[in-house]
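The values are calculated or read from the model by the stated rules, or taken from the named source; none is laboratory data. Since the structure is predicted, the reported quantities are computational estimates derived from the model, not experimental observations. Glycine gets a Cβ as well: all are built from the backbone with ideal geometry, and neighbour counts include every protein chain shown.
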């Protein structure tokens, strides 16, 4: 699915000030897309602010060495955002995922734009540029930069490579296509250093993160003859290990190292009444359908839910739904 970037290119040429934002608990695809797009726009002489609902997670802090991402009500105020001509939302098109930024986006007086690769969307009142077949939003930002005639620099290529690498599970997910590797080739040619990016992502963790990973493994339960594997993290686990909620990133992928596993689920107790649910599939089982039942979304092979309820309720309802769907 090729995107016609010309309407957006024209819009960009017509305006001088932009605000970029993305979903809460941003990952590398979100932050990497924001950072690269900011530099692309600045290469055209535009004024750019990056404003998110929360800070860049510590474990991907390397991607923003200059602290470009500003936090709403802390380092950037709504009035400064509203003064821009165009607001661009990247890597999501769902109100609930915008968190504190949702109210600001709703009240933004200028033109709104969405650039995304996720299936499904809310009406954000925006011009939408979406390719649901794309492996990452970072790939779309690269395409936009090239459509604008901007030379991709090493500083742009690094966050974009990280965006694509992480959203494809370092190129092992079914979303990977020929276009994915062609994009990566261009990014490496522009100066992205894959070994350095991999090391920054996966070889600089804290001991607390490692201790939390041990708890996650202790809690693993196999169900439906080993086809369904699930695990969980409680607030007590965070207190005992000294880890943060962001230290659960990628932990779910451990479950798919078990032969015969088809669906993996990770429950993270964020508070007494909020449970983050991550779902993964490595077969044709569509976890997006399960997520949608509980107000979540994502991709066929990788989806998520912010469940409004305690951990025990989330486990019972979500796992029951998966068991039922997996039943012959």
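Considering the conditions (1) surrounded by 14 or more Cβ atoms within 10 Å (Cβ to Cβ); (2) free of Cβ contacts under 8 Å to residues at least 60 places away in the same chain; (3) more than 30 Å from residue 154 (Cα to Cα); (4) more than 20 Å from the chain's Cα centre (by Cα), residue 227 is excluded by exactly one of them, (2).
Report yes if residue 257 is at pLDDT below 95 and in the same structural domain as residue 313 (by TED's automatic domain parsing), otherwise no. Spell out the reasoning first.
Working: at pLDDT below 95: yes; in the same structural domain as residue 313 (by TED's automatic domain parsing): yes.
Spelling it out, residue 257 is indeed at pLDDT below 95 and in the same structural domain as residue 313 (by TED's automatic domain parsing).
Checked against the criterion of being surrounded by 16 or more Cβ atoms within 10 Å (Cβ to Cβ) and within 15 Å of residue 190 (Cα to Cα), the candidates 137, 166, 158 yield just one match: 158.
Checking the condition at pLDDT 95 or above and surrounded by fewer than 22 Cβ atoms within 10 Å (Cβ to Cβ), which residue from 236, 244 passes? Steps first, answer last, please.
Numbers: 244 fails: at pLDDT 95 or above.
Going through 236, 244 in turn, just one is at pLDDT 95 or above and surrounded by fewer than 22 Cβ atoms within 10 Å (Cβ to Cβ): 236.
Residue-wise test of (1) outside the structural domain of residue 38 (by TED's automatic domain parsing); (2) in contact with a strand residue (DSSP E or B) (Cβ under 7 Å, 6 or more places away or on another chain); (3) within 20 Å of residue 299 (Cα to Cα); (4) not in a loop (DSSP other than H, G, I, E, B).
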| residue | (1), (2), (3), (4) |
| --- | --- |
| 113 | no, yes, no, yes |
| 125 | no, yes, no, no |
| 129 | no, yes, yes, yes |
| 164 | no, no, yes, yes |
| 176 | no, no, yes, no |
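With respect to residue 297, determine if the residue is surrounded by fewer than 20 Cβ atoms within 10 Å (Cβ to Cβ) and in contact with a helix residue (DSSP H, G or I) (Cβ under 7 Å, 6 or more places away or on another chain). No; evaluated as a whole, the condition is false for this residue. Which condition breaks for residue 1 when tested against (1) within 18 Å of residue 125 (Cα to Cα); (2) outside the structural domain of residue 137 (by TED's automatic domain parsing)? Exception for residue 1: condition (1).
When residue 169 is tested against (1) under 16 Å from the mean Cα position of the chain (by Cα); (2) outside any loop (DSSP other than H, G, I, E, B), only condition (2) is not met. On the stretch given as segment 242-262, residues that are part of a helix (DSSP H, G or I) and farther than 18 Å from residue 229 by Cβ total 3. Hey, could you check segment 305-321 for residues that are in contact with a helix residue (DSSP H, G or I) (Cβ under 6 Å, 6 or more places away or on another chain) and surrounded by 22 or more Cβ atoms within 10 Å (Cβ to Cβ) and say which is farthest from residue 270 (Cα to Cα)? Applying the filter and picking the extreme gives 305.
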